[in-house]
1. Please work out which residue is farthest from A:Val13 (Cα to Cα), limiting yourself to the stretch A:256-268 and to residues that are among the aliphatic types (A, V, I, L, M) and at the interface with another protein chain (Cβ under 9 Å from one of its Cβ atoms).
2. Quick one: count up the residues across the stretch B:303-337 that are open to solvent by 10 Å² or more (accessible area, probe 1.4 Å), of a type in the set (A, V, I, L, M) and either within 12 Å of chain A (Cβ to nearest Cβ) or under 18 Å from A:Gly137 (Cα atoms) (or both).
3. What are the residues in the stretch B:258-282 that are among the β-branched types (Val, Ile, Thr) and either within 30 Å of B:Glu233 (Cβ to Cβ) or open to solvent by less than 10 Å² (accessible area, probe 1.4 Å) (or both), if any?
4. For the stretch A:119-139, which residues satisfy the criterion of being more than 7 Å from every other protein chain (Cβ to nearest Cβ) and open to solvent by less than 20 Å² (accessible area, probe 1.4 Å)?
5. When you look at B:Gly116, is it more than 11 Å from every other protein chain (Cβ to nearest Cβ), buried (at least 18 other Cβ atoms within 10 Å of the Cβ) and either among the aromatic types (Phe, Trp, Tyr) or farther than 25 Å from B:Gly182 by Cα (or both), yes or no?
6. If B:Val126 satisfies every condition in (1) free of Cβ contacts under 8 Å to residues at least 60 places away in the same chain; (2) open to solvent by 60 Å² or more (accessible area, probe 1.4 Å) but one, which is the exception?
7. Which numbered condition trips up B:Ser285, out of (1) in a helix (DSSP H, G or I); (2) within 14 Å of chain A (Cβ to nearest Cβ); (3) open to solvent by 10 Å² or more (accessible area, probe 1.4 Å)?
8. Please work out which residue is farthest from the other protein chains (Cβ to nearest Cβ), limiting yourself to the stretch B:255-279 and to residues that are within 11 Å of the chain's Cα centre (by Cα) and under 17 Å from B:Thr168 (Cβ atoms).
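The values are calculated or read from the model by the stated rules, or taken from the named source; none is laboratory data. Everything numeric in this text was worked out from a predicted model, so none of it was measured. Neighbour counts run over all protein chains shown; Cβ positions are idealised from the backbone, glycine included. Note: areas computed on protein heavy atoms with side chains; ligands, DNA, RNA excluded. Shrake-Rupley method; radii C 1.70, N 1.55, O 1.52, S 1.80 Å.
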Amino acid sequence: MSARPTWLRSGRVLFGLAIVIAIALIALAAPLLAPHEPNEQNLISIFLPPAWANGGDAAFPLGTDSLGRCVLSRLIYGARVAMMVAIVASLGAMLIGAVLAHIAGYFGGWIDWLVGRTVDVWMSFPPVILSLILMVGLGIGLRNVILAIVLVDWTRFCRVLRSEVLVVRRRDYVAAARLVGFSHWRTITREILPSTMPLTITLLSLEMGIAVIVEAILSFVGMSVGANTPAWGQMIADARQYIYDSPWNLVFPILMIFITVLGFNVLGDGLRRALDVRLTETRRA
Amino acid sequence: MTSILSLIARRIFVSVAILVIVSALLFCILRRLPVDPAAMSLPPNATLAEIEAKRHEMGLDLPLFRQYLIWLGQVAYGDLGISIHFRRGVAGLITSTLPATIELAVLAMLIAGALGIAGGLFMFHVRGTAREAVADAGSIALLSLPEFLWGLFFILLFGVALELLPFTGRLSSGFERPVITGFLLLDTLLMRRLDMFWDALKHMILPSLALGLAFSPTIMRVLRSSLIDVYQEDYIHQARLRGLSERRILVHHALKNAILPTLSLMGVQFGFLFGGTLLIEVIYSYPGLGNLMVDAVRNADLPIIQAVGLAYCVVVLAINTVVDALYVVLNPKLRVT
């Protein structure tokens, strides 16, 4: 027996965690790491290429954008919005989705019907469109982006977890718990939740990647945080306009989004493999 | 046959119910918006009394529920209102942009399906070998690149660096855009203008490839895992005992069964993909529903936002109905009800 739990011994989990923790640290330490104020404009030095390219300036390691703002500093500060949205929005979506899934799957009947139909209505919308419309109604700002993502993505948890709960509640030990006289609450939290937890954690990790993408999409079309808060999607939208002046400005935020989402996806995939009992059983067989 | 018809009828009934609920939700969300459509549709020097009169004329002083019923009644007659910004009928704006988006989405789905099935077969083929880890890592990396990042990357690579393909609009300037069906690829073929067809296709390669690539890894992974499941079944062992070749087992026995979960996933994916066209259209200045929507959002053009939101919903529900029907056609187990 190793002292480390199984899930920490998986290479994927460690790799994913390393990326995610690194980005989270960058976000936390942004004021210490960034060489410039992210909104500081240097109108004499616009569209500087990265420091290593011809005409680059060591003061701006990754160059400057159309207003002469430091790209590296904006990337570093952009991590704050991305991580904030990833963590808070996913937890919110998980909370709503998981609670409804457990109630619906456990009690069945009209509650299940109602939750199922609500999910159907939600799923009839492409998620991007729904979040855009919600942002129109809510208005821009970090809190509203998070709210919009929670309101759109709870269905991802609800749909998958509900069918898992349906399977688990038919197990003998759940019936046994009821016979022994456990309350519904205790049966759900003590008997069902431990079985659905691995799937929930996996979905949570994947949802964090999705949240990063959705925030980038919303800020790309200017419907996320305001213009004074640097965000990766905004940087992309800005660079798309000046693509011939400075293609580099497009490359860096794309890379940041890719690396962040990759981190969450690898982590999620690793957790799925490490925590899924069925998978490990078939592997052994 | 009758079971399919009754399924379609049931799906259409459910879809209409969903549409009514969705439209009510949309109506309520958008009424929260702090803009006054009446003031926006008048010249800036209008007096307060004129604005009040306009509000009355537009029915904005009625209770929300009454407003919704009036709107719903108009929609039922195909009247989606007048755009505040463009001063044109919204229905006309949608019929002139929807075909472009559908064309893009269908082409992208074909690409996603082809890549997904090929990739899934490849991943299944290399299972248990050293190449599995590589294929697996590749599919996760693919999964982490959403369509708009592919789109931007392709613009940089094929548009700006290599200058191989165009990346704005649907046609090069100099071509008169034909209006027969609105589906450009179809129209140019109907007109027997192959040069124009080729030009239109060239404009669609990058956006549809970006979308297709982004949605293929999910299909790959589901096909791979359902193939692995199917290969545990007795009929595969039996086929092997009968001396059938591995290729025949795969194509005639395994794939037929493994494709079903893949197909139903593709139905769900098509809904997401259809939403993904929004950003791809913005990035490629492709004149479809997505650009119309984003412009409307920027101009707070309520009638358009409302109608385009509903249009997306109609398309997704229609796709789900078709996929459900296909599922019944392809899965013999579901035919007897």
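1. To start, the set of residues in the stretch A:256-268 that are among the aliphatic types (A, V, I, L, M) comprises A:256-257, A:259, A:261-262, A:266-267.
In the following step, the residues that additionally are at the interface with another protein chain (Cβ under 9 Å from one of its Cβ atoms) were identified as A:257, A:259, A:261-262, A:266.
Values: A:Ile257: 19, A:Ile259: 15, A:Val261: 14, A:Leu262: 12, A:Val266: 7 Å.
Filtering the stretch A:256-268 for residues that are among the aliphatic types (A, V, I, L, M) and at the interface with another protein chain (Cβ under 9 Å from one of its Cβ atoms), the one farthest from A:Val13 (Cα to Cα) comes out as A:Ile257.
2. 6
3. B:Ile259, B:Thr262, B:Val268, B:Thr277, B:Ile280
4. Within the stretch A:119-139, A:Val119, A:Leu130, A:Ser131, A:Met135 qualify.
5. Yes; evaluated as a whole, the condition is true for this residue.
6. Among (1) free of Cβ contacts under 8 Å to residues at least 60 places away in the same chain; (2) open to solvent by 60 Å² or more (accessible area, probe 1.4 Å), B:Val126 violates only (2).
7. Among (1) in a helix (DSSP H, G or I); (2) within 14 Å of chain A (Cβ to nearest Cβ); (3) open to solvent by 10 Å² or more (accessible area, probe 1.4 Å), B:Ser285 violates only (1).
8. Taking the stretch B:255-279 first, the residues within 11 Å of the chain's Cα centre (by Cα) are B:267-278.
Among the residues that remain, those that are also under 17 Å from B:Thr168 (Cβ atoms) are: B:277-278.
Values: B:Thr277: 9, B:Leu278: 5 Å.
The residue in question is B:Thr277.
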